[in-house]
1. Only bridges whose two residues both fall in the protein assembly as shown count here: according to DSSP, what percent of them are antiparallel, nearest 5?
2. Measure nothing fancy, just the Cα-based angle from helix A:430-440's long axis to the longest principal axis of chain A, in degrees from 0 to 90, nearest 10.
3. Rounded to the nearest 500, what is the protein assembly as shown's calculated 222 nm mean residue ellipticity when only DSSP H runs of at least 4 contribute -39500 (n - 2.57) each, over all residues?
4. So how much slack lies between residue A:234 and residue A:283, counting 0.36 nm per residue of separation and subtracting their Cα-Cα distance, in nm?
5. Between residue A:366 and residue A:245, what is 0.36 nm times their sequence separation minus the Cα-Cα distance? Round to one decimal in nm.
6. For peptide B:45-58, compute the average count of partner chain beta-carbon atoms within 10 Å of each residue's beta-carbon.
7. Using a 10 Å cut-off on Cβ atoms, rank the peptides A:16-26, A:217-227, A:203-213 from the highest mean neighbour count down.
8. By how many degrees, between 0 and 90 and to the nearest 10, does the Cα long axis of helix A:387-397 differ from the longest principal axis of chain A?
């Protein structure tokens, strides 16, 4: 939408990128060239095919006349930086830098934003193919460097050093963090030491000078030696990559959810029982798309992924989501972990609230199985969401199956959340829970967990029967 | 005394808040910093073989 070279339209579930007439010549050769085609083949860049003119007009209409139309492979569940933990932001940055490093002479990226990346499962994929541009091989500057620093590097550094979760940055700022804003957060020592000295302090101190000499600063640069220009750019990309890796490696805190499975109330027998309950659904019904709400370490997400499902796993804690992403990436599992709080899901963002759809716009009706294990009592008590609303939301998210765990107010974990508000939930028992569940679902199977007194329910949505 | 004054000057220079520039282009400082870095890296291009040789001297043989 923001790129004058082209825009995306969806036509009956097909995704078409329209390159405007004035930009066709600049992009066609590059997009059909061996380098971009090889990247598409390897999955590093979203695959596409160029539509023949008559097919493009039939699909898109007359706005396709004179344009170059690319039909993209669809990544069915897009996610955005406002839902990524630090690890995923760093992976997206590394993916961008690797493309820059691997680009043949005279080719580069004209922008560097996390919105150019989507995740297919845990794997980053570069999707904005119009970002590739022909460039002067003698030019030693990368104009997108500032955007990379603002939208990748500074959010990652502030997350790693100051514990400001990077996904919250993107909820408020589409283009990340300005050096001036980061500068105000830094202490005196941080300002004069790496990595903030070069990425925050010096750019801030130089900005007044740069503004005075803007014409000279932005004038195209050209060296006599193309090899020297390539050497400078390689050094710049390698330096950015090192800084991002250092941010990713920095562990700034431990949290309670990271060690949840070690400290929660389940015994190994209880865990095995729960695993068998979920595993039976996965093996017998083979749901194709599963949403795991409150996924934590993601054990049930892996169970679903191993049964062949495409899984989206959400949790409110960026650290557990980051750990789950690392594990999913290492095991090449079809799991997309996201930092999403169901009680306050990601809103639609951007121009007209239409640039990135809300989490619920993407999720409702997309999944055929929904896992809500050990999560309802958090929504009920911590977020004060009425039970009827929780069940109704579950019915909106899944088209068929629901696995849900009932935790009674007598449960020690429930009591920990109550903090003296016991009277508010005195009405809640299994019978009341089943009445609410029964409004949208029919219970197929139920089982009491031997060690905790909790109940597991497998239910089918009534309109799917 | 002189060294202490230099350190004090550097600390004050680098830690004092910059002036507010309501209409400043936030990217220009980063670009100017990139240009300065590029200049230095561009110089090192001519000495890259010497730099690589010195680096090799300090790299353990099994990691080369």
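Read the figures in this text as sums done on the coordinates, not as results from a lab. What you see is a predicted model, and the numbers here were worked out from it, not measured in a lab. So basically every Cβ, Gly included, is an ideal-geometry build from the backbone, and we count neighbours across all protein chains shown.
1. Antiparallel bridges make up about 65 percent of those DSSP assigns within the protein assembly as shown.
2. 50
3. Dividing the helical sum by the residues of the protein assembly as shown leaves -13500 deg cm²/dmol.
4. Separation in residues times 0.36 nm, less the Cα-Cα distance, equals 12.7 nm.
5. 40.1 nm
6. 1
7. Put in order of decreasing packing, that is A:203-213, A:16-26, A:217-227.
8. 50
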